[in-house]
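J.: I have a structure here, written as structure tokens, and I will follow up with some questions on it.
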Amino acid sequence: MSYDYLLVGSGLFSAVFSAEAIKRKKTCLVIDKRPHIGGNVYTEKLHGITVHQYGPHIFHTGKKGIWQYINQFAEFNHFVNSPVANFHGQMYNLPFNMNTFSQIWPDVTASEQAKRRIAEQSSSMAGKTPQNLEEQAIALVGTDIYEKLIKGYTEKQWGRSCAKLPSSIIKRLPLRFTYNNNYFSDPCQGMPIGGYTPIIEKMLQGCDVQVSADYFSDRNYFSKSAGTVIYTGMIDEYYDYCFGELEYRSLHFDTEELAVENFQGNAVVNYTDEETPYTRIIEHKHFEFGTQPNTVITHEYPVAWKHGDEPYYPINDEKNSVLYQKYADRASNEKHILFGGRLGMYAYLDMDDTIAAALSLAKRVL
Ligand code: FAD
């Protein structure tokens, strides 16, 4: 045994934990089955443009301490996420705000008119308990916004009709009655200049790192290499799926360079109709206000997940939550292995939550 910690996975969770461990003079071996570090926040330069290989990652947080923490590792720019939606060629601002309402209903220009219109359109659900996502969305935003901006996008994302999805997926839909296209309400937001990979590199300084190294290729050898294992892979895989397989949604990304300076005028454009097979197009240069003569775009397609595919989004419905709890109970009895990160905890975690969870584990065990 030559290391204090073996970190399985080199994503943000492991990187933050390692940085804290190294600060406390611990030794760490970090392994990742992918051919690079960084997990899903990995970025690389393509034709001079920072490209987010696993979907766009916009840093935003309401936690001042986490903002200060991440700013040690990079300089952030003043990017503000203001996606737009394309529904059959018509453009709408997001999140749902006064710009969106006046685009959908040209006679609506003031907030009270918008509130009245939404109330009229959701009146069919008054006094009823929504039984599915469709009813929940109509109860919250009315029929027009649901039909144009929610239905097609959500059905593509989940691969199921909104009438067959649980209402719990959208407990609330933020409605803003001001002309404000800032998608997030968090006070701190921005993009790390140069991308996330340099952040992860800095966090991993002082660790031994092996990429293209799958823990399960030699589980015995890797486990014996350290006193404690921090495991950020899939928790069900760790236990050989003994209680059954947890389910996910997956994504397919299609990235290409175009010989144009500006393809869509915005970093993120969502396609909210049912017919377009992708959910959004990302134009990466706009995250860093790029002025290159060319551009790089990515089409993002949601796809059904099957064993062996990249697990992007956990499906936190009742069936999977019960299953996960069985694995979590078993994991709580372990002495030399700790589970963390989005796959180890089977949870969707934004980057600030991931950092907070890793810092909290580090505080507890180091
Ligand atoms: P990961 O990044 O998944 O890292 C886990 C690593 O473990 C992977 O590299 C994997 O290869 C490795 N691994 C797994 N099994 C093994 C094994 N057997 N052996 C070796 N290595 C293994 N958050 C935001 O705050 N803002 C955003 O805009 C945002 N956008 C997102 C967009 C998408 C499409 C997705 C999926 C997530 C987004 N997130 C966003 C969330 C963000 O990606 C996560 O918070 C973060 O990546 C979680 O880090 P992690 O270390 O837990 O997991």
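J.: Give the Rg/Rh ratio for the chain, taking Rg as the radius of gyration of the Cα atoms and Rh as the Kirkwood radius, to two decimals.
T.: 0.99
J.: Please identify the cysteines of the chain that lack any partner cysteine with a Cβ under 4.7 Å from their own Cβ.
T.: Cys162, Cys188, Cys242
J.: How many nm separate the modelled label positions at Lys45 and Gln264, each set 7 Å beyond the Cα in the direction of the Cβ?
T.: Between Lys45 and Gln264, the simple spin-label model gives 2.6 nm.
J.: Subtracting the Cα-Cα distance from 0.36 nm times the residue separation, let me have the gained length for Thr178 to Asn77 in nm, one decimal.
T.: 33.9 nm
J.: Given Cα positions, please report Rg to Rh for region 1-159, the hydrodynamic radius being the Kirkwood one.
T.: 1.13
J.: Give me the dipole magnitude in Debye, nearest 20, for the chain about the Cα centre, with unit charges on the beta carbon: positive for Lys and Arg, negative for Asp and Glu.
T.: 1220 debye
J.: I need to check one value: relative contact order of the chain, counting alpha carbon pairs closer than 8 Å and at least 6 residues apart, in percent.
T.: 27 percent
J.: Region 106-214: which trypsin sites (Lys or Arg not before Pro) are DSSP loop and have at most 10 other beta-carbon atoms within 10 angstrom?
T.: For trypsin sites (Lys or Arg not before Pro) across region 106-214 that sit outside H, G, I, E and B with at most 10 neighbouring Cβ atoms in 10 Å, the list reads Lys128, Lys171, Arg172.
J.: Using +1 at the C-beta of Lys and Arg and -1 at the C-beta of Asp and Glu, which of Phe184, Leu338, Phe96 has the Cα lying farthest in the positive direction of the dipole of the chain?
T.: Farthest along the dipole direction, towards plus: Leu338.
J.: Rounded, prolate or oblate: which fits region 122-177 when a ≥ b ≥ c are the square roots of the eigenvalues of the alpha-carbon gyration tensor, with rounded for a/c under 1.5 and prolate only if a/b beats b/c? Mind showing how you got there, number by number?
T.: Numbers: a/c = 1.69, a/b = 1.23, b/c = 1.37.
Verdict is oblate for region 122-177.
J.: Taking 0.36 nm per intervening residue step and subtracting the Cα-Cα distance, what contour gain separates Gln68 from Asn220 on full extension? The partial results should precede the final answer.
T.: On the way: separation 152, 0.36 × 152 = 54.72 nm, distance 3.88 nm.
Result: 50.8 nm gained on full extension.
J.: A further question follows. Using amide H atoms built in the peptide plane, which far-off residues or other-chain residues are under 5 Å from Leu338 H to H?
T.: Val229, Ile230, Tyr231
J.: Moving on to the next point. Of Lys33/Lys335; Lys151/Lys319; Lys115/Lys306; Lys45/Lys363; Lys128/Lys148, which sit over 32 Å apart, Cα to Cα?
T.: Pairs exceeding the cut-off: Lys115/Lys306; Lys45/Lys363.
J.: Report the chymotrypsin sites (Phe, Trp or Tyr not before Pro) located in region 170-252 that are in a DSSP loop and have at most 16 other Cβ atoms inside 10 Å of their Cβ, or state none. Walk me through the intermediate numbers first.
T.: Numbers: sites: Phe177, Tyr179, Tyr183, Phe184, Tyr196, Tyr215, Phe216, Tyr221, Phe222, Tyr231, Tyr238, Tyr239, Tyr241, Phe243, Tyr248; in loops: Phe177, Tyr179, Tyr183, Phe184, Tyr196, Tyr239, Tyr241, Phe243.
Counting only loop positions with at most 16 other Cβ atoms within 10 Å, the chymotrypsin sites (Phe, Trp or Tyr not before Pro) in region 170-252 are Phe177, Tyr179, Tyr239, Tyr241, Phe243.
J.: When a/c reaches 1.5 or more, the comparison of a/b and b/c decides; with that in mind, is region 82-156 rounded, prolate or oblate per its Cα gyration tensor?
T.: Note, shape of region 82-156 comes out oblate.
J.: Got a sec? Which residues in region 226-264 would a label at Arg160 touch, if it sits 7 Å along Cα→Cβ and we count backbone N under 16 Å?
T.: Inside the label zone: 246-250.
J.: Follow-up question, since we're still on this one. Tell me, what HN-Hα J-couplings in whole Hz come from the Karplus equation 6.51 cos²θ - 1.76 cosθ + 1.60 at θ = phi - 60° for each residue of region 278-288, using x for Gly and Pro?
T.: 9, 8, 7, 10, 9, 10, 4, 4, 5, 5, 10
J.: Filter the trypsin sites (Lys or Arg not before Pro) in region 308-355 to those in DSSP coil with at most 14 other Cβ atoms within 10 Å of their Cβ, and list the result.
T.: Passing both the DSSP loop test and the Cβ count: Lys335.
J.: Restricting to Cα pairs below 8 Å that are 6+ residues apart, what does the relative contact order work out to for region 52-204? Please round to a whole percent.
T.: 39 percent
J.: I would also like to ask the following. For region 336-347, in order, what is each residue's ³J(HN,Hα) by Karplus, 6.51 cos²θ - 1.76 cosθ + 1.60 with θ = phi - 60°, in whole Hz (x at glycine and Pro)?
T.: 10, 9, 10, 9, x, x, 5, 8, x, 9, 6, 8
J.: For region 27-38, take each phi angle, set θ = phi - 60°, evaluate the Karplus expression 6.51 cos²θ - 1.76 cosθ + 1.60, and give the result in whole Hz per residue in order, putting x for glycine and proline.
T.: 10, 9, 10, 10, 10, 9, 6, 6, x, 8, 8, x
J.: Another question about this same structure. Label points 7 Å out from Cα along the Cβ direction at Glu318 and Arg330: separation in nm?
T.: 2.4 nm
Read-outs: derived from the displayed coordinates by stated rules, not from any lab. Computed from a predicted model, the values in this text were never measured in an experiment. Neighbour counts run over all protein chains shown; Cβ positions are idealised from the backbone, glycine included.
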